[in-house]
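Each remark here refers to the structure printed beneath this line.
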Amino acid sequence: KLNAGLSIPYMFGSAFGTSFYFKIDKKDTSFVKTDLKGTLDFSFKNNDKIFAYAAQNNSFIISDQLIDTSLYNNSKSLIFGLGYSTESLNYRFNPSKGIIFTGDIANGRRNSNNVQTNFFAVNAAFDLYIPIYKNLVFKIASFNNYLLSDFDFYENELLYAGGFNSLRGFDEDI
């Protein structure tokens, strides 16, 4: 698993910024999934921003002799979307109180087995930090992804929960 990103806020002293993200996810010997995303941001006061983005998602199976191709298959998607993000934290690097919200809607075109289809996506991420006692903070977080289409997605195209970075000692995806 690899996650990399670059963000350039307030380009040339303006309210515009840009960011790029790259992600590789390999599931044992089954498949490899790559995501490339570029955004153009416009920032408001109080850490609010709107953004437009383009993303390309690729997913391909490593060896089709070892895997059930009815569940996993090669696919490419090109996605365009609009979103909103807000952040209200008392200290950005180690918050003890505040909220972060990011939401976006997107339209995409998927190519799998030389069949092109359209889909619609809604994404939302939410983090809430609640101070309990002195240096004790309770964090509630949620990441949601909704895909709407007239076709079924393959297992290697779906959002995975759990895994290496979620719970200590737990490295299984569900």
Lysine pairs in the chain with Cα distance under 15 Å, only those 8 or more apart or on different chains: how many are there? 11
Putting +1 on Lys and Arg Cβ atoms and -1 on Asp and Glu Cβ atoms, find which of Asn123, Gly38, Ser149 reaches farthest to the positive end of the dipole of the chain. Gly38
Length-normalised contact order for the chain - Cα pairs under 8 Å, 6+ apart - percent: 13 percent
Only four residue types carry charge here, +1 at the Cβ of Lys and Arg and -1 at the Cβ of Asp and Glu. Report the dipole size of the range 1-112 about the Cα centre in Debye, rounded to the nearest 20. 120 debye
What residue among Thr102, Leu136, Ser19 has its Cα farthest toward the positive end of the dipole of the chain, where the charges are +1 on Lys, Arg and -1 on Asp, Glu, each on the Cβ? Leu136
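Every number in this text was worked out from the coordinates using simple rules, so none of it is lab data. If you're wondering where the values come from, they're calculated on a predicted model, not measured in any experiment. Positions of Cβ are backbone-derived with ideal geometry, glycine not excepted, and every protein chain shown enters the neighbour counts.
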